[in-house]
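Read the structure below first, then the notes.
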Amino acid sequence: DKCREIGLVLSRCKMMQELCLNGNRGCLGEEMLVALFLAEGPYNFPLKSLDLGNNQFGTRELTTILPFLKSWEALNSLSVEGNCINNRGAQLLAEVLDTVRIRRLSLNRNQISKEGLSCILSSQNARYLTSLMISNNGDIGSAEID
């Protein structure tokens with residue numbers, strides 16, 4: 001399976017600091033995420049930036065990769081913009097922020113309301129955010145916090 005092959009190749013990239021999987025529109029579904037992120041157990045490269053934007057995934061896919069995201073201590077930039085993430089997904093992202101000190105978080109163009117944003121901002125490491133993009137989300141409106 002090609003997804004598993006990609007995951008295996010990525011797991012061998014021990015120096016990777018940035019991974020962009022943006023814009024796969026429906027191709028980056030739950031099965032592919034599992035193959036990419038769980039190919040041979042946890043990755044141990046120093047990933048600092050992960051872009052999963054514009055892939056049309058939501059809470060189900062976030063649930064799949066949650067353990068992976070929570071284990072990546074070096075991660076300081078995460079983009080999940082342009083997906084179908086709702087308030088439950090925002091709660092999952094808050095769990096990530098409880099364990100990882102993400103500095104830049106892009107949530108633009110999802111389905112997150114003020115309630116979901118409140119969960120994120122109440123997380124343990126939210127104080128380390130230096131950039132939060134939340135434009136075009138539910139009842140939040142358009143805003144960018146730096």
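The values are calculated or read from the model by the stated rules, or taken from the named source; none is laboratory data. Fair warning: this is a prediction, and the values are worked out from it, not measured in the lab. So basically every Cβ, Gly included, is an ideal-geometry build from the backbone, and we count neighbours across all protein chains shown. Just the protein is used for accessible areas: all its heavy atoms, side chains included, with ligands, DNA and RNA removed. Shrake-Rupley method; radii C 1.70, N 1.55, O 1.52, S 1.80 Å.
Around residue 124, under 13 Å between beta carbons, what's the net of Lys plus Arg minus Asp minus Glu among the other residues?
Local charge sum for residue 124: +1.
Ligands, DNA and RNA left out, the accessible area of region 64-104 computed with a 1.4 Å probe is 42% carbon and sulfur.
A Förster radius of 35 Å, combined with the Cβ-Cβ distance separating residue 5 from residue 84, puts the computed FRET efficiency at roughly 0.85. Loop-located GluC sites (Glu not before Pro) in region 58-144 (DSSP state other than H, G, I, E, B) with a sparse environment of at most 12 neighbouring Cβ atoms within 10 Å: 73. Each label point was placed 7 Å from the Cα along the Cα-to-Cβ direction; for residue 60 and residue 91 their separation is 1.8 nm.
Using a/c under 1.5 as the rounded threshold, could you call region 55-146 rounded, prolate or oblate? The axes a ≥ b ≥ c are square roots of the C-alpha gyration tensor eigenvalues, and prolate needs a/b larger than b/c, oblate otherwise. Verdict is oblate for region 55-146. The HN-Hα couplings worked out from phi for region 67-82 by the Karplus form 6.51 cos²θ - 1.76 cosθ + 1.60 (θ = phi - 60°) are x, 4, 4, 5, 8, 8, 5, 7, 5, 10, 9, 9, 10, 10, 5, x Hz, whole numbers, x standing for Gly and Pro.
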